[in-house]
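Following: one structure in structure tokens, then a few remarks.
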């Protein structure tokens with residue numbers, strides 16, 4: 001271990017502040033017909049700054065009070081509205097949403113994030129069943145923006161890092177009496193690697209497979225394969241732009257991974 005956090009005992013300072021905020025949520029659900037309903041909800045909440053504020057310039061070193069009382073917590077405001085439809089063999093849920101979020105974070109004893117976000121989007125999910133076959137899945141579209149940043153004004157108006165426009169998933173499967181076989185499909189479109197929006201991380205689609213067999217009512221055998229086609233998929237790249245030597249730092253999902261297990265209930 002080359003680096004570790006520590007409390008600077010050579011720089012004692014008082015902490016003497018209080019904070020307060022109110023949270024609420026209000027919603028309505030209306031059944032238009034037996035299988036169809038619409039809904040809406042608005043909520044407001046917050047997260048206390050707590051230890052993230054210590055050793056930062058948000059607390060006075062002379063009397064320990066908050067220099068700006070609004071810095072004691074981060075506010076989140078959310079709104080959603082949509083509809084739900086239920087039929088004997090399929091369901092559909094569609095939700096539109098918006099969110100305004102404040103975020104304050106600390107690394108190495110200094111405030112490194114002090115910004116607000118805004119996001120709009122639509123989430124759709126559904127299920128379908130016909131005989132032994134069933135499938136469930138969903139897709140989410142998000143339009144997100146860094147509204148402002150008190151520490152780095154240059155990122156205002158940019159798209160937050162690692163936020164794709166679309167994420168999606170689907171799980172088709174067959175139930176064959178004692179056996180069940182199916183697949184898991186997940187994916188995203190491309191996204192910016194960092195908040196400066198200079199380099200993009202490619203999207204990906206990953207496929208997994210699974211099978212279950214019930215030897216007896218209380219004994220079950222399971223086979224799972226993650227990343228069936230052994231695809232390279234990056235979920236994080238820390239290099240903010242294309243380096244001159246063409247080599248950057250990133251993190252990828254695991255390659256093809258196969259596991260087997262047995263379960264006994266008693």
Legend entry - Which listed residue, of 2, 25, 43, is exposed (fewer than 15 other Cβ atoms within 10 Å of the Cβ) and either closer than 22 Å to residue 117 by Cβ or in contact (Cβ under 8 Å) with a residue 12 or more places away in the chain (or both): 25
Inset, instruction - Select from the range 1-23 the residues that are within 24 Å of residue 98 (Cβ to Cβ) and out of contact with any strand residue (DSSP E or B) (no Cβ under 6 Å at 6 or more places or on another chain) and list them in ascending order. - result: 22
Legend entry - Members of the range 218-257 that are assigned to a strand (DSSP E or B) and either outside the structural domain of residue 198 (by TED's automatic domain parsing) or within 26 Å of the chain's Cα centre (by Cα) (or both): 224, 225, 226, 234, 235, 236, 237, 250, 251, 252, 257
Inset, instruction - Could you give me the residue pairs with C-beta distances under 8 Å whose first residue belongs to the range 198-211 and is without any contact (Cβ under 8 Å) to a residue 12 or more places away in the chain, whose second residue is part of a strand (DSSP E or B) wherever it lies, and which are 6+ apart or on separate chains? - result: 200/191; 200/192
Inset, instruction - Please verify whether the range 238-252 includes one or more residues that are loosely packed, with under 11 Cβ neighbours inside 10 Å, more than 23 Å from residue 158 (Cα to Cα), at pLDDT 90 or above and in contact with a strand residue (DSSP E or B) (Cβ under 9 Å, 6 or more places away or on another chain). - result: no
Inset, instruction - With the condition kept exactly as written, say whether any residue in the range 50-67 is touching a strand residue (DSSP E or B) at 6+ places or on another chain (Cβ under 8 Å) and closer than 30 Å to residue 122 by Cα. - result: no
Inset, instruction - Given the conditions (1) closer than 27 Å to residue 177 by Cα; (2) touching a residue at least 60 places away in the same chain (Cβ under 8 Å), report the number of the one that residue 224 does not fulfil. - result: (2)
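The values are calculated or read from the model by the stated rules, or taken from the named source; none is laboratory data. Bear in mind that the values here come from a model prediction, so they are computed numbers and not experimental data. We place every Cβ from the backbone using ideal geometry, glycine too, and count neighbours over all the protein chains shown.
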